[in-house]
Amino acid sequence: MPIGLYIQDMLRTLFSSCSLLLAVATVILLHSAAILDSCKAVTEGTLAIAYANAVVWLALFVFLCLPLLRSVAKMIYVNAVPALVGTVTAFAVLYVANEVGDECEASKHNLLLTSLSNAMLALLLFFSELSCPKKTRTSYEELES
């Protein structure tokens with residue numbers, strides 16, 4: 001495996017694991033804002049979006065890190081679609097966290113920090129996936145032999 005592909009896989013794994021941890025931290029902070037601050041802005045819809053973001057990042061992390069699934073990924077021609085889904089959910093959580101932060105001053109800074117960090121890492125992962133060379137069928141045939 002060329003060193004460039006090894007570094008690319010390592011950075012992809014690092015970005016997805018950090019985004020997964022930040023997504024889980026956002027869910028925890030939303031729950032703590034609802035419990036400790038008695039914040040009425042944290043609704044079931046807000047928590048559903050945060051949980052959906054965490055599930056998306058968990059799926060991306062598992063998809064990018066397990067060797068068996070990585071070999072399955074060779075069949076996927078559009079490699080930026082999972083990162084696009086993660087970016088969209090991360091920005092949806094950022095929007096929701098901003099709305100919650102307007103009403104809950106005590107949790108505002110922590111929620112915005114985790115959700116903005118998650119959105120920026122997701123955007124960075126998406127742009128790095130876009131910059132990857134496009135996979136072609138001939139390159140897969142070369143890998144199989």
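The values are calculated or read from the model by the stated rules, or taken from the named source; none is laboratory data. Note that this is a predicted model, so its numbers are computed, not measured. Neighbour counts are summed over all protein chains in view; Cβ atoms, including those assigned to glycine, are modelled from backbone coordinates with ideal geometry.
Residue 143 meets each of the listed conditions (1) at pLDDT 80 or above; (2) over 10 Å from the mean Cα position of the chain (by Cα); (3) under 19 Å from residue 7 (Cβ atoms) apart from (1). Looking at region 45-60, I want the residues that are in contact (Cβ under 8 Å) with a residue 40 or more places away in the chain and have a partner that is assigned to a helix (DSSP H, G or I) and among the aromatic types (Phe, Trp, Tyr) with Cβ atoms under 9 Å, at least 6 apart or on another chain. Which pairs are those? Pairs that qualify, where the first residue is in contact (Cβ under 8 Å) with a residue 40 or more places away in the chain and the partner is assigned to a helix (DSSP H, G or I) and among the aromatic types (Phe, Trp, Tyr), are 49/95. Picking from residues in region 26-38 that are in contact (Cβ under 8 Å) with a residue 60 or more places away in the chain and surrounded by 19 or more Cβ atoms within 10 Å (Cβ to Cβ), the one that is nearest to residue 92 (Cα to Cα) is 26. Within region 88-99, take every residue that is farther than 14 Å from residue 56 by Cβ and in contact (Cβ under 8 Å) with a residue 40 or more places away in the chain and give me the one that is surrounded by the fewest Cβ atoms within 10 Å (Cβ to Cβ). The residue in question is 99. Can you name the residue in region 1-60 that is aliphatic (A, V, I, L, M) and not in a helix (DSSP H, G or I) and, of all such residues, is modelled with the highest pLDDT? By that ranking, first place goes to 42.
Tell me which residues, restricted to region 110-140, are charged (D, E, K, R), surrounded by fewer than 15 Cβ atoms within 10 Å (Cβ to Cβ) and either assigned to a helix (DSSP H, G or I) or modelled with pLDDT of 85 or more (or both). First the steps, then the outcome.
Taking region 110-140 as the starting set, the residues that turn out to be charged (D, E, K, R) are 129, 134-135, 137.
Okay, now just the ones that are also surrounded by fewer than 15 Cβ atoms within 10 Å (Cβ to Cβ), so 134, 137.
Within region 110-140, 137 is the sole residue that qualifies.
As for region 100-109, it holds at least one residue that is in a helix (DSSP H, G or I), buried (at least 16 other Cβ atoms within 10 Å of the Cβ), at pLDDT below 85 and not aromatic (Phe, Trp, Tyr).
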